[in-house]
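The structure appears right after this line, and notes come after that.
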Amino acid sequence: MNADVVIVGAGPAGIFTALEMLKKGSRQKIIMVEKGQSIENRRCPKHQTNRCMNCKPYCHITTGFSGAGAFSDGKLSLSYEVGGDLPTLIGPDLAQETIQYADKIYLDFGADTHIEGLEYPEERKEIRKRAIQAGLKLVDCPIRHMGTEKAHDIYLGIERYLQDQGVEILFSHECKNLILENDVCKGVTVSDRRQDFEIHARHTVVATGRRGADWLEKLCAEHHIAHAPGTVDIGVRVEVRNEVMELVNRVLYESKLVGWPKPFKNKVRTFCQNPGGFVSQENYDNDLAVVNGHSYKEFKSDNTNVSILCSHNFSVPFNQPIAYAQKVGELTNMLANGQILVQRFGDILDGKRTWQKELDQSNIRPTLPDVVAGDITAAMPYRAMVNIINFIQAMDYVVPGFASVETLLYSPELKFYSNRVKMDTDFNTSLQGLHCLGDSSGWTRGLMMSSAMGVLMGRKLASFS
Ligand SMILES: Cc1cc2nc3c(=O)[nH]c(=O)nc-3n(C[C@H](O)[C@H](O)[C@H](O)COP(=O)(O)OP(=O)(O)OC[C@H]3O[C@@H](n4cnc5c(N)ncnc54)[C@H](O)[C@@H]3O)c2cc1C
């Protein structure tokens with residue numbers, strides 16, 4: 001097969017590349033290669049079974065059209081300060097401008113016009129004052145909340161638009177490798193599970209998301225594509241009752257708090273807060289079960305969940321952050337018989353495991369039904385655990401009740417951002433003809449930032465027609 005542009009991965013980064021090329025009037029032939037299904041065929045069986053079925057060959061939550069976005073909470077962070085390090089590559093002004101542009105596209109496809117986090121100035125001041133007193137930084141970030149069910153509809157609209165405009169999307173096709181001729185990338189090798197074939201293209205865009213980070217790391221090593229090990233985030237998902245979070249949920253919707261707790265002074269932050277949300281499990285291809293969270297626009301639980309993440313960097317002699325985080329995850333999974341582990345905060349401080357009967361006695365009921373009560377401290381590295389405990393105690397000053405005995409900590413919450421591909425501001429890698437985007441490139445960590453990166457890539461590629 002031949003194309004002008006082949007895009008590997010139909011997550012937000014890949015989708016917005018194709019969308020922007022069309023918007024700029026490009027008539028180039030675009031082929032998208034997506035390992036998973038079209039959005040209408042993506043189904044997580046957990047809705048029926050109430051437990052993760054560890055679907056093979058891939059998890060529908062993270063794989064398929066719109067990538068990890070389809071079943072995600074659909075929170076679009078509208079500030080360049082949130083969602084990844086792209087602004088350090090292209091500059092904060094262009095990043096902010098492009099975020100606003102991409103946001104308009106989401107609105108055109110039906111996103112809610114309401115923006116969270118702009119109202120209640122007096123209450124926001126009070127929350128910031130408390131954060132300062134607790135030694136935490138409050139980052140301002142307006143949020144457009146699509147909601148899981150609405151995000152699905154919006155991406156369905158985009159999928160149909162792309163197909164109507166002639167973009168060829170090969171679902172259930174997995175990219176296996178790059179085609180190189182004289183050190184120039186000429187396309188990709190693809191498998192449809194029956195046979196392998198080649199797609200030749202002038203430009204190859206790899207946007208394979210968090211799940212594709214390992215694979216891209218191997219490609220970088222094999223083809224000598226310049227890259228640097230980045231960070232991984234290791235943490236927990238905290239769940240409390242909505243009553244505890246009522247003020248920050250109402251005023252900020254999502255509290256973006258950052259701290260550098262003693263004694264290590266590593267960066268620790270809140271991430272992906274879901275008022276009235278649900279804790280969820282996602283499974284990676286190597287059977288690693290990790291925790292996440294999302295919330296629906298209409299259907300609400302009694303709880304709020306938020307992730308607390310500690311960034312980890314390595315230098316010499318060890319520089320494999322993904323492998324490190326995977327080991328932490330595997331150990332935690334082992335203790336929970338392959339499931340997600342949960343422990344009450346009070347039990348962590350008391351140095352004991354949590355029992356199911358203690359969960360049953362609490363005000364809070366876990367929203368992840370098949371979670372296993374146990375001891376997350378038996379698998380969490382000491383440094384990360386101390387960081388998390390001290391951060392939660394600081395949070396308690398901003399959100400009274402956050403550090404209560406019954407507060408639930410789910411583990412492992414792991415974010416694999418590592419392997420930052422070295423690129424110029426036009427997203428050219430060291431391999432001519434190859435561009436890397438989105439979460440797998442190491443430059444983004446969220447829906448909006450990966451969408452914005454796609455927009456800029458689309459503009460660049462459109463200019464070649
Ligand atoms: C449960 C959950 C909730 C989230 N909630 C939010 C949120 O509310 N707000 C927010 O900003 N972010 C959220 N995120 C993160 C957000 O979804 C990602 O940052 C974003 O989707 C990254 O976009 P991407 O295009 O880089 O990659 P992805 O969305 O991961 O897409 C990559 C695509 O590439 C495909 N792929 C991978 N390898 C191959 C291969 N070899 N061949 C072919 N195809 C391949 C995958 O199937 C996937 O569809 C959430 C993530 C999860 C999992």
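None of the figures in this text is laboratory data; all of them are computed from the coordinates on show. In this text, all values refer to a predicted model and were calculated from it rather than measured experimentally. With ideal geometry, Cβ positions are generated from the backbone for all residues, glycine too; neighbour counts draw on all protein chains shown.
Checking the a/c ratio against 1.5 first, then a/b against b/c, what shape does the Cα gyration tensor give for the chain? Because a/c hits 1.5 or more and a/b exceeds b/c, the chain counts as prolate. Separation of the alpha carbons by more than 20 angstrom is noted, of K262/K415; K267/K422; K35/K218, for K262/K415; K267/K422. For the chain, the longest principal axis of the alpha carbon atoms and the long axis of helix 92-108 meet at an angle near 90°. Among M245, M385, M395, the ranking by other beta carbons within 10 Å of each residue's beta carbon, starting with the fewest, stands as M385, M245, M395. Zone of M1 (label point 7 Å along Cα→Cβ, backbone N under 18 Å): which residues in the stretch 149-173? In the stretch 149-173, the label zone of M1 (backbone N under 18 Å from the point 7 Å along Cα→Cβ) covers 159-173.
Which residue, chosen from H203, Q100, V399, occupies the Cα position most advanced towards the positive end of the dipole of the chain, where the dipole is computed from +1 (Lys, Arg) and -1 (Asp, Glu) charges on Cβ about the Cα centre? Of the candidates, V399 comes out farthest on the positive side. When peptides 404-414, 96-106 are sorted by average Cβ neighbour count within 10 Å, with the highest value leading, the order is 404-414, 96-106.
Summarising the label geometry, the points placed 7 Å from Cα in the beta-carbon direction at D153 and C55 lie 2.2 nm from one another. Only helices enter the 222 nm calculation for the chain: every DSSP H run of n ≥ 4 contributes -39,500 (n - 2.57), and dividing by all residues gives -10000 deg cm²/dmol, rounded to 500. Say R0 is 22 Å: what FRET efficiency, to the nearest 0.05, do S465 and E168 get from their beta-carbon distance? Rounded to the nearest 0.05, the efficiency is 0.85.
Just for the chain, what percent of DSSP beta bridges are antiparallel, to the closest 5? Bridges in the chain are about 75 percent antiparallel. Label-to-label distance, K297 versus K262, with points set 7 angstrom from Cα along the beta-carbon direction: 4.7 nm. With R₀ fixed at 56 Å, the C-beta to C-beta distance from N363 to E181 puts the FRET efficiency at about 0.30. In terms of other Cβ atoms within 10 Å, D347, D93 run from fewest to most in the order D93, D347.
Looking at the square roots a ≥ b ≥ c of the eigenvalues of the Cα gyration tensor of the stretch 26-97, which shape do they give, rounded for a/c under 1.5, prolate if a/b is larger than b/c, or oblate? Oblate, because a/c is 1.5 or more while a/b does not exceed b/c. Counting only alpha carbon atoms, the long axis of helix 121-133 and the longest principal axis of the chain meet at about 70°. Give me the one-decimal nm value for the distance between modelled label points at E126 and D108, 7 Å along each residue's Cα-to-Cβ direction. Going from the E126 label point to the D108 one covers 4.2 nm.
Principal-axis analysis of the Cα atoms of the chain puts helix 12-23 at an angle of about 40° to the longest axis. Peptides 170-181, 58-69 ranked from most to least packed by the mean count of surrounding Cβ atoms within 10 Å: 58-69, 170-181. Net charge of the neighbourhood of S191, taken over other residues with C-beta under 14 Å away and scored Lys/Arg +1, Asp/Glu -1, is -1. When each of the peptides 262-268, 134-140 is scored by how many other beta carbons lie within 10 Å of its residues on average, the order from highest to lowest is 134-140, 262-268.
Couplings 3J(HN,Hα) for the stretch 206-212, derived from phi with the Karplus relation 6.51 cos²θ - 1.76 cosθ + 1.60 (θ = phi - 60°), are 9, 9, 9, x, 4, 5, x Hz, where x marks Gly and Pro. Can you bin the stretch 20-148 into rounded, prolate or oblate? Criterion: square roots of the alpha carbon gyration tensor eigenvalues sorted a ≥ b ≥ c, rounded for a/c under 1.5, prolate for a/b above b/c, oblate for the rest. Oblate, because a/c is 1.5 or more while a/b does not exceed b/c.
The slack between I115 and N286, meaning 0.36 nm per residue of separation minus the straight C-alpha distance, is 57.8 nm. What does the net charge come to around C436 if you take all other residues with beta carbon closer than 15 Å to its beta carbon, with K and R at +1 and D and E at -1? Charge balance in the 15 Å sphere: 0. For the pair A323 and E40, a Förster radius of 30 Å applied to the C-beta separation gives a FRET efficiency near 0.25, rounded to the nearest 0.05.
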